[in-house]
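Please read the structure below before turning to the comments.
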Amino acid sequence: MKQLIQATIAILLISGALLYTTKLLNVSGGKTGKDILTIYNWGEYIDPDLLKAFEKETGIHVIYETFDTNEAMLTKIEQGGTAYDIAVPSEYIIEKMREDDLLIPIDHSKIPNLKNLDPYFLNLPFDPHNKYSIPYFWGTVGVVFNPEFVDGTDFDSWQDLWNPDFKRQVFLVDSAREVVGMGLNSLDYSLNSKDDHQLAEAEAKLTTLAPNVKAIIGDEITQLMVNNEAHIALTWSGQAADMLSENEALDYAVPQEGSNLWFDNIVIPKTSKNVEGAHQFINFMLSAEAGAQNADYVGYSTPNDAALALMDPEVVNDERFYPDEEQRDTLEVYKNLGPTYIGIYNELFLRFKMAIR
Amino acid sequence: MKKLSLSAKIYLAIVFIVLYAPIFYLIMYSFNSGGTMNTFDSFTLEHYQAVFEDTRLLVILINTVVVALLSALVSTIIGVFGAIGIVSVKKARLRNTLLSLNNVLIVSPDVIIGASFLILFTMIGIKLGFASVLIAHIAFSVPIVVLMVLPKLLEMNTSLIDAAQDLGASKRDILTRVILPYIKPGIFAGFFLALTYSLDDFAVTFFVTGNGFSTLSVEIYSMARAGISLTVNAISGLVFLVTIIVVVGYYFVTSKTKRKVGDRA
Amino acid sequence: MQTKTSKGALFPYVIWIALFVIAPIALVGYYSLLDLQGNFSLENYKTFFSSIYLKMTLSSFWYAFLVTFFALLISYPTAYFLTKTKYKHLWLLLIIIPSWINLLLKTYAFIGIFGLFGPINAVIEMFGLPAQQILFTDISFVFVSVYIFIPFMILPIFNALDKLNPTLIDASRDLGASSLTTFRRVILPLTMDGVKSGIQVVFIPALSLFMITRLIAGNRVITLGTAIEQQFLVTQNWGMGSTIAVFLILFMVIIMLVTGQKNKGGRIR
């Protein structure tokens, strides 16, 4: 009994001491709501030095919280409970958030740096006139491969994935839209197809890919490709850039039949209590210097034209990650399919997963 | 006591090597100048330096430990009394119902627990942050404590309690002098596994946290897309080292004092 | 009088059940009756009985069984030997400590260790054999799952073995019983409660394992847990996700009834 009481007291004392330490470490205590800006973003998706610079410049204290999937983030913002001032969701979620009235319109007059952005990335169907969102990073979906092991294949066509020589050589990202979209694209259909015949065809086509699939995986795909666990992977350009910077033997290609053009945009959720500060933050991030520094840190493609001028020309002129006009024309942005078709896509993907066993 | 045979020692050694292999792998890479866990470039201490410069990460680490300790403590208390209560129920059907309810949270996937707790907390109006995370962790750790304490309670001899009663012990005495000492191993097992649950949890914490409060798990999972930084490896290495030192140190200090007490007696 | 104290002990526990167990069950039950358009229907239950989910259920049970079986196979001797060591409680703690390091990190470490160019394959190649594909196989999946659950199995078994009266074993030996008979007739029955408890805390959560199925098995193993995770977080179809969860809870109740202690209550009044 004595031992139990002793243990209890020890735990309470340690916890108390630790809590006191956080108080000492946390300088944010005692600030009022006006001075705080809560940012909700993916982990490691911003240069922390920029946050410090922003705090210094404006005197606003930044709280940085992170999420790991768009959908989980959406649930949090829907439920409220935290006053998120800035969030960085992907485009298809922005469309949903807009429809569900979860966003605060952005006042363009407060964001003079908007002029820095490439107009190609503005005024897109998921958010006409960028009323609610400002591009943060963008990219494509394509194939990362190791030229040493694929016998001259350049993945100019999705068809190359079906090459019988690549038995158990292909990694796919664990994401229904990307995989089903690839199936549709390989048949020259739109990756937003709502045509049941086209989808059935795509499923049949994907099932024939099963012998080539090594695994369907998530973010760990970067580590695995860098380590040459497989020689071919279907993934996003952002992760591809990470892989290429780690393993110089790798290459990235976007097949010509077409692919997805994706965005992560900055939005101001309805939960915001510091709309003014949120605008200041967006404008700060859109400056040429901040844009360049951030793109340099994160390694994804930036929509900021002015920033490109400040960046390493070798990066900026790399057509794999900054494709030219001609290739851009083959890319399609995801449309919100609505619940029924999201369900159909996912069931299709689930059946495909069961087929690879 | 019989000595362990050589083959038994080898068996245990293999179990321990396997259990610790991934941890040493992680720690090895915390000295990697390459910046990722992919290839080992050269030795560096920069990630350890980064740990001490990153106050945000340190605060998160402390939060994680505090939540784990407190939630394990409270859930152990609730769980122990719950288990005593369950055993005292005589009707087999009611007892089985209670036990089934007990295990609902063990079988429910984390997203469901997280989402339903989030809805619950926003409904009641608990501010998301330290308190909500702590309550949630207590909630999902209770069942494991119950399951650890239960077998000890069941094997307890009724005659022990009868004897105590006959000797005129009060209910309080029976609890503190007979029952609790007997089930102590189960209590500690429950506490340590509750710690494990709390330290490992990502999904539930993610949903119920907010207002700047975060734990190490949430931080690590959200880094996955853009790559987990080796600072996390370094911090895990440090935590591991401190834990080992504390546990081993505490063990020898207490066993020594015990022996001294024993000598005097 | 006695009954009252023990019932009083139940009070905070019952509150816990009311708040944190009934709430998720109610939520899950409610959502399971909603279809994608938010109308009440039994559509989801119908879908569950389609071949794909039944197949998944079978595969979940099969893998949970394998994981529990191997965890028990490894844990029982481990726990037994541990009780015989000099600093047994210290060793026991050292079994638990690895589980306090973040699981995702450990899984990434396993990806490195099991990789084609990882340490295990390096050893295999040292013997002149070709590198083996270890990742993305059933074996690696079961291995890592067992790894995760081992402390949960060892603890209750250790506790049961630890208090075992050594005189009983000596008595059995003196009466001429072989080691095997002693184990089967004396040790095992006396530690059965611990074993049962271990099986429960491994098998039940193993049914809903998810992250490992993707990270280690590359989605070549799909369990009900994976499906629920997908339905909630990707499809945003909370209805179907909840329906699968309803079945998981049902399966758990059945397991509890099968492994449950019968006629053993009422010892502490």
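Worth pointing out:
- Test for A:VAL226: is it surrounded by fewer than 24 Cβ atoms within 10 Å (Cβ to Cβ) and farther than 16 Å from A:LEU331 by Cβ: yes
- Qualifying residue in segment B:165-173 (condition: of a type in the set (D, E, K, R), out of contact with any His (no Cβ under 9 Å at 6 or more places or on another chain) and closer than 18 Å to C:LEU155 by Cβ): no
- Whenever a residue of segment A:72-85 is more than 10 Å from chain B (Cβ to nearest Cβ), its partners that are in a helix (DSSP H, G or I), lying with C-beta atoms within less than 9 angstrom and at least six residues away or across chains, give the pairs A:LEU74/A:ILE93; A:LEU74/A:LYS96; A:LEU74/A:MET97; A:ILE77/A:MET97; A:ASP85/A:VAL275; A:ASP85/A:GLY277; A:ASP85/A:ALA278; A:ASP85/A:PHE281.
- On inspection, C:ASN219 passes the criterion of being on the phi > 0 side of the Ramachandran plot and within 14 Å of chain A (Cβ to nearest Cβ).
- Among the residues of segment A:298-357, those that are assigned to a helix (DSSP H, G or I), in contact with a helix residue (DSSP H, G or I) (Cβ under 9 Å, 6 or more places away or on another chain) and among the acidic types (Asp, Glu) comprise A:ASP305, A:GLU325, A:GLU347.
- Residue match in segment C:87-107 (condition: part of a helix (DSSP H, G or I) and more than 9 Å from every other protein chain (Cβ to nearest Cβ)): yes
- Extreme residue, farthest from B:THR215 (Cα to Cα), among residues of segment B:33-56 that are in a helix (DSSP H, G or I) and within 10 Å of another protein chain (Cβ to nearest Cβ): B:THR55
- Of everything in segment C:121-137 that is under 15 Å from A:LYS214 (Cβ atoms) and not hydrophobic (A, V, I, L, M, F, W, C), the residue that is surrounded by the most Cβ atoms within 10 Å (Cβ to Cβ) is C:THR137.
- Only one of C:PHE127, C:PHE136, C:PHE110, C:PHE117 that is over 22 Å from B:LEU6 (Cα atoms) and in contact with a strand residue (DSSP E or B) (Cβ under 7 Å, 6 or more places away or on another chain): C:PHE136
- Within segment B:12-32, being within 7 Å of chain C (Cβ to nearest Cβ) and surrounded by 17 or more Cβ atoms within 10 Å (Cβ to Cβ) holds for B:LEU12, B:VAL15, B:LEU19, B:ALA21, B:PRO22, B:ILE23, B:TYR25, B:LEU26.
- Residues that are without any contact (Cβ under 8 Å) to a residue 12 or more places away in the chain and either closer than 29 Å to A:LEU224 by Cβ or more than 26 Å from the chain's Cα centre (by Cα) (or both), drawn from segment A:176-195: A:ASP195
- Given (1) of a type in the set (A, V, I, L, M); (2) surrounded by fewer than 24 Cβ atoms within 10 Å (Cβ to Cβ); (3) touching a helix residue (DSSP H, G or I) at 6+ places or on another chain (Cβ under 7 Å); (4) assigned to a helix (DSSP H, G or I), number of the condition B:ILE235 does not satisfy: (2)
- All conditions in (1) under 27 Å from the mean Cα position of the chain (by Cα); (2) surrounded by 14 or more Cβ atoms within 10 Å (Cβ to Cβ) hold for C:SER51, with the sole exception of (2).
- Residues satisfying the stated conditions in segment B:195-230, i.e. assigned to a loop (DSSP other than H, G, I, E, B) and not hydrophobic (A, V, I, L, M, F, W, C): B:ASP201, B:THR209, B:GLY210, B:ASN211, B:GLY212, B:SER214, B:THR215, B:ARG225, B:GLY227, B:SER229
- So C:PHE203, is it within 25 Å of C:VAL142 (Cβ to Cβ) and away from chain A (no Cβ under 14 Å): yes
- Test for A:VAL267: is it over 30 Å from B:GLY212 (Cα atoms) and assigned by TED's automatic domain parsing to the domain that holds A:LEU124: no
- Across segment B:195-203, a minimum of one residue is classified as farther than 21 Å from B:LYS127 by Cβ, more than 10 Å from chain A (Cβ to nearest Cβ) and free of Cβ contacts under 8 Å to residues at least 12 places away in the same chain.
- The set of residues in segment C:138-151 being of a type outside the set (A, V, I, L, M), crowded, with 17+ Cβ neighbours inside 10 Å and at the interface with another protein chain (Cβ under 10 Å from one of its Cβ atoms) consists of C:PHE143, C:TYR147, C:PRO151.
- Candidate set: segment A:44-71, residues that are part of a loop (DSSP other than H, G, I, E, B) and within 12 Å of chain B (Cβ to nearest Cβ); chosen: the one farthest from B:LYS127 (Cα to Cα): A:ASP47
- Taking segment C:54-79 as the range and being within 11 Å of another protein chain (Cβ to nearest Cβ), within 30 Å of B:LYS9 (Cβ to Cβ) and surrounded by fewer than 18 Cβ atoms within 10 Å (Cβ to Cβ) as the test, only C:PRO77 passes.
- Lone unmet requirement of (1) without any contact (Cβ under 8 Å) to a residue 60 or more places away in the chain; (2) of a type in the set (Gly, Ala, Ser); (3) part of a loop (DSSP other than H, G, I, E, B) for A:ALA249: (1)
- Of the residues examined, C:GLY241 is one that is of a type outside the set (A, V, I, L, M) and in contact (Cβ under 8 Å) with a residue 12 or more places away in the chain.
- Qualifying positions in segment A:324-347 - within 13 Å of chain C (Cβ to nearest Cβ) and aromatic (Phe, Trp, Tyr): A:TYR341, A:TYR345
- Evaluation of A:LYS353 against the conditions (1) under 18 Å from the mean Cα position of the chain (by Cα); (2) within 14 Å of chain C (Cβ to nearest Cβ); (3) basic (Lys, Arg) shows that the sole unmet condition is (1).
- Condition check for A:GLU257: over 21 Å from A:ASP118 (Cβ atoms), away from chain C (no Cβ under 14 Å) and touching a residue at least 12 places away in the same chain (Cβ under 8 Å): yes
- Among the residues making up segment A:74-88, those that are modelled with pLDDT of 85 or more and part of a loop (DSSP other than H, G, I, E, B) are A:ALA83, A:TYR84, A:ASP85, A:VAL88.
- Scope segment B:67-76; condition touching a Phe, Trp or Tyr at 6+ places or on another chain (Cβ under 9 Å) and either at the interface with chain C (Cβ under 7 Å from one of its Cβ atoms) or surrounded by fewer than 23 Cβ atoms within 10 Å (Cβ to Cβ) (or both); matching residues: B:LEU73
- Residue in segment C:152-170 that is surrounded by the fewest Cβ atoms within 10 Å (Cβ to Cβ), counting only those that are among the charged types (D, E, K, R) and free of Cβ contacts under 8 Å to residues at least 12 places away in the same chain: C:ASP170
The values are calculated or read from the model by the stated rules, or taken from the named source; none is laboratory data. Since we're looking at a predicted model, the values are computed, not measured. Every residue, glycine as well, gets a Cβ built from its backbone with ideal geometry; the counts of neighbours run over all protein chains shown.
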